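Asks: Have a look at the structure that comes next, please.
The values are calculated or read from the model by the stated rules, or taken from the named source; none is laboratory data. Note that the structure is a prediction, hence the values are computed from the model and not measured. Every residue, glycine as well, gets a Cβ built from its backbone with ideal geometry; the counts of neighbours run over all protein chains shown.
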């Protein structure tokens, strides 16, 4: 009986080990998340993002400063490109961030291209709020490429350089046609209201 129990335990451990090794874990710990002035961010937010289609977000790369314009928006959502994947979001404390994510090899996203798609760490000078739906506009942040993702089970743990949060989130600027419709609609509303008051 004891022999059977030992054999079952060995098999269970072997299966558990195989299951664990079938995962890819990403843990790019960073110790230099600074604000725009070069001070450690006391309470901030980090974001680890996988660029699944390797095209940045919108017409910008994750390392570029976005220019305000129609449709350009990285302030209204944590996910700046619907094709990408947020791997982890968490708190920066005194300039240190400890992102962690696991991607099982059995459930790799269909658009995942090993040794092609890059993943990034972003650090935002914004107090961490787990319930927040977006960073909001005019938030200073920094970004760094962590290299490309792989498919081999194991740990991927680069140490990011970090640095200053020199980029700024921008809110979408309404297109001229939308702005015109809004102004015309507002004008009609006030004209009708004035007519009713005068009657």
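Asks: Could you please find all residues in region 121-148 being part of a strand (DSSP E or B), touching a residue at least 40 places away in the same chain (Cβ under 8 Å) and under 20 Å from residue 27 (Cα atoms)?
Replies: 121, 122, 123, 124, 142, 143, 144, 145, 146
Asks: Just a yes or no: is a residue in region 68-89 over 14 Å from the mean Cα position of the chain (by Cα), assigned to a helix (DSSP H, G or I) and touching a residue at least 60 places away in the same chain (Cβ under 8 Å)?
Replies: For region 68-89, residues over 14 Å from the mean Cα position of the chain (by Cα), assigned to a helix (DSSP H, G or I) and touching a residue at least 60 places away in the same chain (Cβ under 8 Å): absent.
Asks: Out of 121, 63, 52, 47, which single residue is farther than 20 Å from residue 169 by Cα and touching a strand residue (DSSP E or B) at 6+ places or on another chain (Cβ under 6 Å)?
Replies: 52
Asks: Give the residue that is surrounded by the most Cβ atoms within 10 Å (Cβ to Cβ), with candidates limited to residues of region 109-138 that are within 14 Å of the chain's Cα centre (by Cα) and farther than 17 Å from residue 98 by Cα.
Replies: 135
Asks: Sticking with this one: Cβ-Cβ below 8 Å, separation at least six or inter-chain, first residue in region 37-55 and on the phi > 0 side of the Ramachandran plot and touching a residue at least 60 places away in the same chain (Cβ under 8 Å), second outside any loop (DSSP other than H, G, I, E, B) and surrounded by 14 or more Cβ atoms within 10 Å (Cβ to Cβ): which pairs?
Replies: 54/118
Asks: How many residues does region 90-107 hold that are surrounded by 15 or more Cβ atoms within 10 Å (Cβ to Cβ) and assigned to a loop (DSSP other than H, G, I, E, B)?
Replies: 3
Asks: Tell me yes or no: at least one residue of region 49-58 is modelled with pLDDT under 90 and farther than 17 Å from residue 167 by Cα.
Replies: Yes.
Asks: Looking at region 154-174, which of the residues that are buried (at least 16 other Cβ atoms within 10 Å of the Cβ) and not in a loop (DSSP other than H, G, I, E, B) is farthest from the chain's Cα centre (by Cα)?
Replies: 156
Asks: Same structure again: Residues to consider are 151, 179; find the one that is modelled with pLDDT under 95 and either in contact with a strand residue (DSSP E or B) (Cβ under 8 Å, 6 or more places away or on another chain) or part of a loop (DSSP other than H, G, I, E, B) (or both). Working first, answer last.
Replies: Values: 179 fails: either in contact with a strand residue (DSSP E or B) (Cβ under 8 Å, 6 or more places away or on another chain) or part of a loop (DSSP other than H, G, I, E, B) (or both).
Residue meeting the stated conditions: 151.
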